[in-house]
Each structure stands twice: as structure tokens, then as C-alpha cells.
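Here's the structure, in C-alpha cells; my notes come after.
The numbers here are math on the coordinates, done by the rules we state, and not lab data. Note that the structure is a prediction, hence the values are computed from the model and not measured. Counting neighbours? That spans all protein chains shown, and the Cβs are built from the backbone with ideal geometry, glycine included.
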Amino acid sequence: MISLMVDIHLEEASLRAGNQQFVKDEMRNYSRTQYLKVFAKHHVKPEDFRKSLDYYLLKVNDLDDIYTGVINRLTEMQSELQGSDNKPPEKKITPSQYQKPEDKNVLKTPSGK
């Protein structure tokens, strides 16, 4: 889930920073296409992502751990690009803290599927 969320946030930043001159409907279609590419990269259907997000909204501590991982990864990526010694936030987590190894690529949903 962390790598998917990292890619979603990178795509959102790209869309916001881009110099594309789209009218509103064109931008909506372009954005949707870009998000579908991210979901395809992670072998996730948009509706499964939505269900998973709904699940984690009910499990805010787990969602907090996921976002800590997202922030850690984005900070690492930024440091790599800048070539700096910036350190990620102290609350660094590992995947084993938020999901079992066998669940690594499985999204959580309220029904447990």
C-alpha cells in the first residue's frame, strides 16, 4: 500500500506542477488516465483501492503508519535527488509493522477481502 500511495502522491504532484494547458474536462480525463496507469502498475483496480482506503479510514492508526511510510519514502527520494543528508522523520516504520509478509500486495477492505 505504501508504494501505491507514494506513486499516487507523485502523480498528484506532477499534475499540479505540470504546465499543461488543459480545460477542465481535458484535465479530468488526463488525470484519470494517469491514475489508471498507477493502479495498473500496482495491479490494483480503482474500486479495490477505494474499498481499501475505506477500510483504512476505519483503522486510522494503520493509516497513520502507512502515511508515515509514505512520508519516509518520499523524504528518501527527495534526499536522493538533492544528494543531501536529510534524514526522514524519526517515526520510521517497516512493512512488517503494518502488514504480514503474505499480505504484502493485498489491499485491505472493510469486509476483510
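Taking 0.36 nm per residue of separation and subtracting the current Cα-Cα distance, fully stretching the chain between Asn29 and His42 would add 2.6 nm. Applied to the range 33-39, the Karplus parametrisation 6.51 cos²θ - 1.76 cosθ + 1.60 on θ = phi - 60° returns per-residue 3J(HN,Hα) values of 4, 5, 5, 4, 5, 5, 4 Hz, with x for Gly and Pro.
Each label point was placed 7 Å from the Cα along the Cα-to-Cβ direction; for Ser3 and Val60 their separation is 3.0 nm.
Label-to-label distance, Leu74 versus Ala17, with points set 7 angstrom from Cα along the beta-carbon direction: 1.1 nm.
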